[in-house]
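Take a look at the structure set out below.
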Amino acid sequence: METLDLLVQEGWRIRQKNFQSNIKFSYPNETKAVSVTGGTCELNCAHCGGHYLKGMKALADIPEGDGLTARSLLISGGCTAEGKVPIAEHIAQIAAMKQKMKYNVHVGLVDEEDIQQIAKVADKVSFDFIGDDATIKEVLGIDRTVSDYVACYQKLRKSCSVIPHVCIGLHGGEIRGEYQAIRHLKALGVDGITFIVFTPTKGTRFADCKPPPIEDVLNVLVSARRELPALPIHLGCMRPGGTYRQELDLWAVRLGINGIVNPVSGAVRLAQNLGLVIERREECCVL
């Protein structure tokens, strides 16, 4: 515990030096998740298995945007066998629906032609950045490498506002490429990072794995703070629940995180006790 205390104290000092005393708590009730592929995904990744598509509205079911009263949409979907979300194939419908809504578009490994289409509608692009070749092959099951993620990220940044997402413990709870991802992003240029945490999910190949130890998660977060001291870092919605989340959220506030999605109530009280000004958001944390 003493080691963790010293770790979070370092993170807090860096935060105090580089940021004002505010923290963003996002409750994305006004952002609706839409899948361009419905419940279909060609990859069947070890950590997801298409499970999270079930909670999204299928784009095919809202041809005119009927019934959408949200302020914004998270537009995502299952991946093709090449690892991209086929957003561009539906761009006309997506553009027609936009009206006054903002879009956070989750894209996967898209090519230059797709990026030009996506840039026409995306207010923000969420891009999963993976820093380990073995994880890409063994978890996602695609024949791509970190260099492909670097190249795609570089192309996206030329046309879009991109917030990379780094999943801590993606390789079945193991820390494999997270530090490399941070170093790559530092070299490439980045405006903010959202960290999520591997969550064992029923029905997937990783269902019986355990989430990464909280100390490992905190080490990654503080490493990001060291490497990129003036960069906003957020803890996203995908992270384990229960006592794990109760503990993680409190540590995250103590180490000086800039924002948390759906924080536990104890984290809100702690932020207040630490003198932080809470900014409540009702949409996806990247918007």
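The values are calculated or read from the model by the stated rules, or taken from the named source; none is laboratory data. Quantities reported herein were computed from a predicted structural model and do not represent experimental measurements. For neighbour counting, all protein chains shown are included, and Cβ atoms are generated from backbone atoms with ideal geometry for every residue, glycine included. Accessible surface areas use protein heavy atoms only, side chains included; no ligands, DNA or RNA. Shrake-Rupley method; radii C 1.70, N 1.55, O 1.52, S 1.80 Å.
Assorted remarks:
- Selection of segment 6-23 for residues being in a strand (DSSP E or B) and surrounded by fewer than 19 Cβ atoms within 10 Å (Cβ to Cβ) yields only ASN22.
- Qualifying residues in segment 70-126 (those that are open to solvent by 50 Å² or more (accessible area, probe 1.4 Å) and under 16 Å from the mean Cα position of the chain (by Cα)) - the one farthest from CYS45 (Cα to Cα): ASP123
- Once segment 25-60 is narrowed to residues that are aromatic (Phe, Trp, Tyr) and either over 27 Å from THR135 (Cβ atoms) or in contact with a strand residue (DSSP E or B) (Cβ under 7 Å, 6 or more places away or on another chain) (or both), the residue that is least open to solvent (accessible area, probe 1.4 Å) is PHE25.
- Residue count for segment 1-31, restricted to those that are over 30 Å from GLY172 (Cβ atoms) and touching a Ser or Thr at 6+ places or on another chain (Cβ under 8 Å): 1.
- Just so you know, in segment 80-114 the residues that are in contact (Cβ under 8 Å) with a residue 60 or more places away in the chain and not polar (S, T, N, Q) include one that is nearest to CYS284 (Cα to Cα), and it is LYS102.
- Selection count, segment 107-130, where residues are of a type outside the set (A, V, I, L, M) and closer than 16 Å to ALA70 by Cβ: 2
- Wholly enclosed helices (runs of 4 or more DSSP H) of segment 172-287 bearing at least 2 residues among the small types (Gly, Ala, Ser) and open to solvent by less than 40 Å² (accessible area, probe 1.4 Å): 214-227, 265-273
- Residue ID - nearest to CYS79 (Cα to Cα), chosen from residues in segment 127-141 that are of a type outside the set (Asp, Glu) and open to solvent by 50 Å² or more (accessible area, probe 1.4 Å): GLY141
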